[in-house]
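J.: Have a look at this one before I ask anything.
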Amino acid sequence: MAEAPGILAIWNDCRAGREAEFEAWFQGEHLLERLAVPGFLFGRRHQAISGSAGYFNFYVVETPAVLTSKLYLERLDHPTPMTKRIMSEVFLNMNRTLCHRTLRRGNFRGAYAVTARFNDEPDTAALTALADRLVQDPGVAACEIWSAVDPAGQPVSMEERLRGGDKKITACLMVDTLRQGDAETLGGRLSKEFAGAEVGVFRVLCQLGRGEI
């Protein structure tokens, strides 16, 4: 059986007054640069409607091994001048985790996303049962569960050193919805159901697949 795709999951804030630089970097350089790395398949970025992080983006890769490949690590260790500036001056509260995509239910992608970030190991069986129930709602496009890859032995890149170090998660439930109201309702529900998780509601800003470059 083929290995499940990998996910690079990122939440961050932007220094006040530097939003235009952040936007120019992400749209003009970063997203295209990452999708040019062999094994990267898809990237999508979001801005918060509610929650503790201002921005959320993720990348789908062929396997988690892509995220520790020589070509990708070389990219991280040789950031462009613009990337150096953004990482050292603009990024705040970086939370970045290499994950396995352990579950996907549903066939579509939505215009809104709800994420529940777990810092302790969640009950995977309960999350799976929840995903199975949620996708029965026609307002839900898809549900995914991401589980962190063991961080042991993963090198700290130049980009991470510029940011001053990254926080990690153990797992994440991500739910795509078609409409904002459904996302906000679900975000409130998950905040009550998973009191220890960090729940955020986001609107999709843009997405890019490798075949579209």
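J.: Which of the aspartates and glutamates could a cross-linker bridge to K192, judged by Cα under 14 Å and excluding same-chain residues fewer than eight apart?
T.: E184
J.: Picking from P79, A53, P64, whose Cα lies most toward the positive end of the charge dipole for the range 42-159 (charges on Cβ: Lys, Arg +1; Asp, Glu -1)?
T.: Positive-most Cα among the choices belongs to P79.
J.: With Kirkwood radius over Cα pairs in Å as the read-out, I listed [x] 18.0; [y] 21.6; [z] 17.5; which label goes with the value calculated from this structure?
T.: [z]
J.: Rank G17, G187, G196 by mean-square fluctuation in a GNM of the chain with C-alpha springs under 10 angstrom and give only the top-ranked residue.
T.: G17
J.: Then there's this: Is the shape of the range 118-204 best called rounded, prolate or oblate, per the rule: a/c under 1.5 gives rounded, else a/b larger than b/c gives prolate, else oblate, with a ≥ b ≥ c the square roots of the Cα gyration tensor eigenvalues?
T.: Verdict is prolate for the range 118-204.
J.: In addition: Straight-line reach from K168: which aspartates and glutamates have a Cα under 19 Å away, not including same-chain ones fewer than 8 places off?
T.: Counting by Cα, and skipping residues close in sequence, K168 has these aspartates and glutamates nearby: D13, D120, E121, D123, E144, D150, E159, E160, E198.
Here, each number is a calculation from the coordinates, and none is a lab measurement. Note that the structure is predicted; figures quoted are calculated from it, not measured. We place every Cβ from the backbone using ideal geometry, glycine too, and count neighbours over all the protein chains shown.
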